[in-house]
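The values are calculated or read from the model by the stated rules, or taken from the named source; none is laboratory data. In this text the structure is predicted, and so the values were computed from the model without any measurement. No Cβ is skipped: glycine too gets one built from the backbone with ideal geometry, and neighbour counts run over all protein chains shown. Areas reflect the complete protein model, heavy atoms only, side chains present, ligands, DNA and RNA absent. Shrake-Rupley method; radii C 1.70, N 1.55, O 1.52, S 1.80 Å.
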Amino acid sequence: MSKCRVCRGPAIIDLPRHNANFCADHLQQLCRRQVEKAIADHEMLEPGERVLVAVSGGKDSLAVWDLLVELGYAADGVYVGLGIGEYSDVSGRYAQEFAAARGLTLHTVDLRHDHGYDVPTAARATRRVPCSACGLSKRHLFDAAARNGGYDVVATGHNLDDEAAVLLGNTLRWDVDYLARQMPALPGGKGFPRKVKPLVRLTERETAAWCIVRGIDYQVEECPMAAGNRHLGYKQTLNALEARSPGAKASFYLGFVDRMAPLLASRSRAAADALNACATCGSPTSGEVCAFCRLVAVASAHEPVPVQMIGRSRR
Ligand code: FES
Ligand code: ZN
Ligand code: ZN
């Protein structure tokens, strides 16, 4: 039986990138410290600020909510029901149960009920991959919920694996505008709340372990509409690299944040300066009507498409 690096008690997890094993208590200590470091390094949150956590019901968003509350932040959640069949029903239930068990406030938005469409229907209506309507809807609704609720900042559960995979994709395409926005904290302004990713120093495996030792039940299924997307391929590629050289993933992403991203900062400021208010909803946009309002117009006019139909037409 391997031993915890800190207390020599029985270890529950080995973390090759730290070249060590940890018991349940010291795994929690490690997670807390990594989150505190991310928050401090990137000036993510000030004491007393109101934080809105974007909650999906998966491990990362519940872990970040739990960690922020643990660290003493006033954090409420917001859940967006995407209408992806049973997957969404189960995800929503995990989010509700987490909040109820801890007496936390969870706001909910339902795409079908509140905006007249769901992700499968939007995918069909726009003839694009489901993740594009999904991501656009979530970003818009999280921002709107923060504005309407008077929150200072939106926190998401993106972890090191997510950010490294997105970075690999953006780098392979040399997508400089996206690279310029790939910071763990993005300033607010012009109608956008500040956005922070407190889990960027933790891997997927570490956030899953956090949930297990904390007794957090979460949606373990991957979204059925994300199957085969490029993002998952990038994660596998990085995992293969990480297996050969532990720490490669962290140095790829965290090295980018430290050394490359500052060189791109002026570029992301220029993009933010070019925004005005959407004629329909008032959200910041570079056009006349924002992308969300255009999506709502197209998707809510389309007859509802069940989730299975999208799966079949794509494979
Ligand atoms: Fe967005 Fe699956 S969670 S398409
Ligand atoms: Zn220990
Ligand atoms: Zn709009």
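Some notes on this structure:
- Flag for ARG124 being within 16 Å of ligand 3 (Cβ to nearest atom) and more than 24 Å from TYR218 (Cα to Cα): no
- The number of residues in the range 61-82 that are in contact (Cβ under 8 Å) with a residue 40 or more places away in the chain and open to solvent by 30 Å² or more (accessible area, probe 1.4 Å) comes to 1.
- Scope the range 146-161; condition in contact (Cβ under 8 Å) with a residue 60 or more places away in the chain, among the polar types (S, T, N, Q) and under 17 Å from VAL80 (Cα atoms); matching residues: THR156
- Among the numbered conditions (1) open to solvent by 60 Å² or more (accessible area, probe 1.4 Å); (2) on the phi < 0 side of the Ramachandran plot; (3) in contact (Cβ under 8 Å) with a residue 24 or more places away in the chain, the only one that GLY48 does not meet is (2).
- Enumerated strands (runs of 3 or more DSSP E) restricted to the range 1-96, each holding at least 1 residues that are more than 14 Å from ligand 2 (Cβ to nearest atom): 50-55, 74-81
- Residue among GLU242, GLU222, GLU206 that alone is in contact with a strand residue (DSSP E or B) (Cβ under 8 Å, 6 or more places away or on another chain) and either part of a helix (DSSP H, G or I) or not aromatic (Phe, Trp, Tyr) (or both): GLU206
- Hey, LEU238 in contact with a Phe, Trp or Tyr (Cβ under 9 Å, 6 or more places away or on another chain), open to solvent by less than 80 Å² (accessible area, probe 1.4 Å) and among the aliphatic types (A, V, I, L, M) or not: yes
- Considering residues of the range 262-280 that are modelled with pLDDT of 90 or more and within 28 Å of ALA133 (Cβ to Cβ) only, the residue farthest from ligand 1 (Cβ to nearest atom): ALA279
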